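Report on one structure; see the data block that follows.
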Amino acid sequence: MKKYWFVYVATVFVSVGAFLYLTLFSINHIASLNVPEDALLGKVVWQQNGCIECHTIFGDGGYNAPDMTHETTRRTGEWLRAFFQNRPVMRPSQSKRHPGLGSEDTEHLIRYLQFVDRIKINNWPPKPLK
Amino acid sequence: MFRWLRKKIRSVFTKAPRPTVKKSKIQPPTGIQSETQPLATKKAALKYCLATVFFFGMHGILALAGALELVFPNLPTLVLFRNGRAVHLNQAVLWPLLGTMGIAYYYLLEAIKTELHSTRIAAIQFWLLIFTFLGNYTALALGFTEGREYLEAPLPFKLGILLGLTLFAYNIIRTVLKKPKSIFQPASIIIISGTLLTIFLLAPNLFFITHPIPDKLLTFWISHLWEEATLELLLVVAIVGALLNLTEAKKSYIKKLLFIQATLIVLAGFLAVGHHYYWTGTPNFWLYIGGIFSVVQAIPAFLSVLIIWEALKTKRIENPAFNFLLGSVFWNVVGVGMLGLLIATPFVNRWVHGTYLTSTHAHLALFGFFGQGVIGICAYIISNYATLDKKAIFRANLSFWLINLGLAGMEGAIAIAGLLQTYLWYGAGWEFMKVQFLLRPYLFVRLLAGLMFTAGGVIFAYTYISKYITARKSAHK
């Protein structure tokens, strides 16, 4: 039984070590860990409002609203500002409105989404086949 | 070293007769002893099991509310959807955590045949976690959130969970130190390593992470590594322990399989986190590492079949808990080994990422395999302290079928929704809202199946908790 014990413990060290090494390597590989101030404030807005519960970034999140990774490519800043100002009804509901944001928060969020948009993510989402 | 395992595998594929066991190894029939080690402090696990079963029942009810809102969005709601979902995700991680700690206590004591170091610490830990959970769910329901998926808990509650885990680690390490040689028992080393790693994985997630990429990487330390590595280690110890209680499976053989299972889980689980790192702005090598180690992850899923097969071959006690263990192994194969592996493959993942198929896998793996294993073992432990009469056994078995058929129905519907999203969004380039309208019938079927699931969950929780209350009342008379 002791042989199994040693194999198990050795595997723990090797696996965890490899995983930590590769994770650190990945983080170092990021062009710059520096996030501009307004994008950082936008990340705070994104987190405080719980956007991830319905939307996704990099495809991770809730599945009830569109992926926001490339939203700032699809929509202009004007469109987004109007969106948070007017708070459209969230179809298929007939009365529930999308959460709104103050103008400062809107600016910061747009900067954050622009920052996310610029991150290269291996050609995801895939381009439509048609 | 693994000569005996190679022999076994060979004998499965050839018609060669099984090598005869040496006479000295044949043990006289001891029959099944349902509680092989009558240690008093094992009872410390009981409140964990009761609370877990209760939270599981409650979880289904809240989930129904969410499913209902998606199908009938004009219904007034007490809690906003985004807040309710945060509660749902946190419940999904926290009651299995609570149950895992309870069953790990129970089976550690059983394996090393020692009393718990401190039932007081176990009790403090329990109440700390209960108040942390309730506070967390209330805060989330009211809209306080840290806004990272599965990690929405506001900081004080994360600290509560961390403190609870630390008390747990301290208690089990002190218990093993009472008999230092018992560190070589699989239960000890696996539970201790699993727990310490669980704490290590939570710690950096207490902080606000400035850059979105490390933020995502660290999120999966909880949503992947807790469920598919560190806590899974504690669960497999308890599953093996429960099988030894419920059947006449050969102890030494099963313990070896436990070590192999745990080794595979660690070998595969840590690097398989890469299957969450395909599209997160990290280097390309994660596509290969994540893909390869996701395949390796399928091995323990199938090995769990071998483990339960060994147990099934022998006599067993009739206990409804056994059904849940079978259910757990079933979803381990289907939800984890098959569906999980399929969607983890990079070229498949590219097309299904960000759709309801992820949700399908999440439910089948996190509940179907993990949660069901936990509640099954909790049910077994409770039945040691509260005898089940015929009616209770019937209800428990009924709840098993309602839960599993309900789960299959829910996830079948959601899988179809996910495939539609894949085909229409990514394949055909349809706009998001257009697809959303098409999904409503499937969300409706999910709601109906969810009703079945929740009915099963409530019956299950009611059966075990009421039997325990009855047993306590009659004990006090």
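Within the range A:13-28, if we keep just the residues that are of a type in the set (A, V, I, L, M, F, W, C) and buried (at least 18 other Cβ atoms within 10 Å of the Cβ), the residue that is farthest from B:PHE200 (Cα to Cα) turns out to be A:LEU22. Residues that are touching a residue at least 24 places away in the same chain (Cβ under 8 Å), within 14 Å of another protein chain (Cβ to nearest Cβ) and more than 20 Å from B:ILE209 (Cβ to Cβ) within the range B:137-166 comprise B:ALA141, B:LEU142, B:GLY143, listed in sequence order. If only residues of the range A:93-130 that are away from every other protein chain (no Cβ under 13 Å) and in contact (Cβ under 8 Å) with a residue 12 or more places away in the chain are counted, the one that is farthest from B:ASN349 (Cα to Cα) is A:SER103. Of the residues B:TYR137, B:TYR150, B:TYR105, B:TYR170, the single one that is in a helix (DSSP H, G or I), hydroxyl-bearing (Ser, Thr, Tyr) and within 27 Å of B:ALA449 (Cα to Cα) is B:TYR137. Taking the range B:197-218 as the range and being aliphatic (A, V, I, L, M) and either closer than 15 Å to B:LEU108 by Cα or at the interface with chain A (Cβ under 8 Å from one of its Cβ atoms) (or both) as the test, the residues that pass are B:LEU197, B:ILE213, B:LEU217.
Listed conditions (1) crowded, with 24+ Cβ neighbours inside 10 Å; (2) among the hydrophobic types (A, V, I, L, M, F, W, C); (3) within 7 Å of chain A (Cβ to nearest Cβ); (4) within 24 Å of B:GLU310 (Cβ to Cβ) are all met by B:VAL273, apart from (4).
Condition check: under 20 Å from the mean Cα position of the chain (by Cα), buried (at least 22 other Cβ atoms within 10 Å of the Cβ), within 12 Å of another protein chain (Cβ to nearest Cβ) and not in a strand (DSSP E or B). Does B:VAL266 satisfy that?
Yes; evaluated as a whole, the condition is true for this residue.
Where helices (runs of 4 or more DSSP H) sit wholly within the range B:347-439, those with at least 2 residues that are of a type in the set (D, E, K, R), buried (at least 19 other Cβ atoms within 10 Å of the Cβ) and touching a residue at least 24 places away in the same chain (Cβ under 8 Å) occupy B:390-421.
Results for (1) within 12 Å of the chain's Cα centre (by Cα); (2) not small (Gly, Ala, Ser), shown as yes or no for each residue.
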{"position": "A:LEU24", "(1), (2)": "no, yes"}
{"position": "A:ALA31", "(1), (2)": "no, no"}
{"position": "A:GLU37", "(1), (2)": "no, yes"}
{"position": "A:GLY42", "(1), (2)": "yes, no"}
{"position": "A:TRP46", "(1), (2)": "yes, yes"}
{"position": "A:CYS51", "(1), (2)": "yes, yes"}
{"position": "A:THR56", "(1), (2)": "yes, yes"}
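Within the range B:183-196, the residues that satisfy the criterion of being more than 9 Å from chain A (Cβ to nearest Cβ) and either without any contact (Cβ under 8 Å) to a residue 40 or more places away in the chain or within 16 Å of B:LEU366 (Cβ to Cβ) (or both) are B:ILE192, B:LEU196. Select from the range B:219-238 the residues that are among the β-branched types (Val, Ile, Thr), more than 9 Å from chain A (Cβ to nearest Cβ) and more than 24 Å from B:ALA379 (Cβ to Cβ) and list them in ascending order. Once the filter is applied, which keeps residues that are among the β-branched types (Val, Ile, Thr), more than 9 Å from chain A (Cβ to nearest Cβ) and more than 24 Å from B:ALA379 (Cβ to Cβ), the range B:219-238 yields only B:ILE222.
Yes/no per residue for (1) more than 24 Å from A:TYR63 (Cβ to Cβ); (2) acidic (Asp, Glu); (3) surrounded by fewer than 20 Cβ atoms within 10 Å (Cβ to Cβ):
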residue: B:GLN125; (1), (2), (3): yes, no, no
residue: B:LEU129; (1), (2), (3): yes, no, no
residue: B:THR132; (1), (2), (3): yes, no, no
residue: B:ASN136; (1), (2), (3): no, no, no
residue: B:GLU152; (1), (2), (3): no, yes, no
residue: B:LEU155; (1), (2), (3): yes, no, yes
residue: B:LYS158; (1), (2), (3): yes, no, no
residue: B:LEU162; (1), (2), (3): yes, no, yes
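Scan the range A:3-28 for residues that are aromatic (Phe, Trp, Tyr), facing chain B (nearest Cβ under 9 Å) and closer than 11 Å to B:THR263 by Cα and the total you get is 3. Checked against the criterion of being surrounded by fewer than 17 Cβ atoms within 10 Å (Cβ to Cβ), modelled with pLDDT of 95 or more and away from every other protein chain (no Cβ under 14 Å), the range B:451-462 contains one or more residues that satisfy it. Of B:ILE307, B:ILE343, all but one fail to be of a type outside the set (Lys, Arg) and either part of a loop (DSSP other than H, G, I, E, B) or touching a His at 6+ places or on another chain (Cβ under 9 Å) (or both); the exception is B:ILE343.
Yes or no, residue by residue, for (1) farther than 19 Å from A:LEU24 by Cβ; (2) more than 12 Å from chain A (Cβ to nearest Cβ):
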residue	(1), (2)
B:VAL240	yes, yes
B:THR247	yes, yes
B:ILE260	yes, no
B:PRO283	no, no
B:LEU287	no, no
B:PHE293	no, no
B:LEU303	yes, yes
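The values are calculated or read from the model by the stated rules, or taken from the named source; none is laboratory data. Because the structure is predicted, anything quoted here is derived from the model rather than measured. Cβ atoms come from the backbone with ideal geometry, glycine included; neighbour counts cover every protein chain shown.
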